[in-house]
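S.K.: Here it is, the structure in full.
A short reminder: the numbers here are calculations on the coordinates, not readings from a lab. As the structure is a computational prediction, the values presented were derived from the model and not from experiment. All Cβ positions, even for glycine, are placed from backbone atoms using ideal geometry, and neighbour counts span all protein chains on display.
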Amino acid sequence: MNPAPNLVLVGPMGAGKSSIGRRLAERFGLEFVDADQHIEQRSGATINAIFEHVGEAGFRERERAALAELLGGDGRLVATGGGAVLDAENRRRIRERGFVVYLAAGLDAQLKRLQRDRTRPLLQRADREEVLRQMAIHREPLYREVADLVMETDGLTAADAATRLGLQLAGRWRMGAAA
């Protein structure tokens, strides 16, 4: 058993962090928080607007502050943004304050799940597939670095993935003080 005060989901866009996370939070009696939604609520602006006005660097500053706040508490399931692992301080905090699950998704699954999504600033380009491929090259090792558990979500509905992950977590994680 690996005790941790929070459960944290990391992974690329379209892996199912929010949809699977909501179901898992309910199952384990945790407060569900989508980090990107938290940033939008705190700033009063959409992620797109934040990127437009202060760029990716400005967004990453807000993301770092949001994760510090969210992971400072206990009993939460935090669905991080796909790029949260790019920051070394975020990676440290995620590892220290959570049992971390890397929800992995292949490029085809991501493209299918994100085909109609127009809310993600980094995908507002014609070459979405190449953008996702390059993100995976840079981010995948970082997801693995912080992960206590890796689960592939390709071919699974959010409900099926949450059920499978819940069973795995029941034997590997319990809410408690960080080790």
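S.K.: I'd like the Karplus ³J(HN,Hα) series for segment 20-36: coefficients 6.51, -1.76, 1.60, θ = phi - 60°, whole numbers in Hz, and an x wherever there's a Gly or Pro.
M.R.: So the Karplus estimates, Gly and Pro as x, are 6, x, 4, 5, 5, 4, 4, 4, 9, x, 9, 7, 8, 9, 8, 4, 5 Hz.
S.K.: Rounded to the nearest 0.05, what FRET efficiency do ARG172 and GLN41 give with R0 = 25 Å and r taken as the Cβ-Cβ distance? Could you check?
M.R.: Calculated value: 0.20.
S.K.: Could I ask something else about it? About the Cα centre of segment 5-167, what is the dipole size in debye to 20, counting +1 per Lys and Arg Cβ and -1 per Asp and Glu Cβ, all else neutral? Don't jump to the answer; show the numbers that get you there.
M.R.: On the way: 25 positive and 25 negative charges, 27 e Å.
With only Lys, Arg, Asp and Glu charged at Cβ, the dipole is about 140 debye.
S.K.: Could you grab the Rg to Rh ratio for the chain? Cα atoms only, Kirkwood for Rh.
M.R.: On the way: Rg = 15.3 Å, Rh = 16.3 Å.
Ratio value, two decimals: 0.94.
S.K.: Going by Cα centres, segment 48-78 and segment 124-177 are how many Å apart?
M.R.: Cα centres, segment 48-78 to segment 124-177: 19 Å.
S.K.: If packing is taken as the average number of other Cβ atoms within 10 Å across a peptide's residues, how do 44-57, 143-156, 13-26 rank, most packed first? Could you put the intermediate results ahead of the total?
M.R.: Details: 44-57: 14.0, 143-156: 17.6, 13-26: 21.5.
Going by the mean number of other Cβ atoms within 10 Å, highest first, we get 13-26, 143-156, 44-57.
S.K.: Something else now. If a paramagnetic tag sat 7 Å from the Cα of ASN2 along the Cα-Cβ line, which residues of segment 127-158 would have the backbone N under 16 Å from that point?
M.R.: Once the point is set 7 Å along Cα→Cβ of ASN2, 141-152 turn out to lie under 16 Å by backbone N, inside segment 127-158.
S.K.: Per-residue ellipticity at 222 nm for the chain, helices alone: DSSP H runs ≥ 4 residues times -39500 (n - 2.57), over residue total, nearest 500 deg cm²/dmol? Kindly include the intermediate steps, with their values, before the conclusion.
M.R.: Values: 7 runs with 98 residues, N = 179.
Dividing the helical sum by the residues of the chain leaves -17500 deg cm²/dmol.
S.K.: Using the 10 angstrom Cβ neighbour count as an exposure proxy, how do HIS38, HIS138 rank, fewest first? Don't skip to the answer; put the middle values down first.
M.R.: On the way: HIS38 19, HIS138 11.
With the fewest neighbours first, HIS38, HIS138 line up as HIS138, HIS38.
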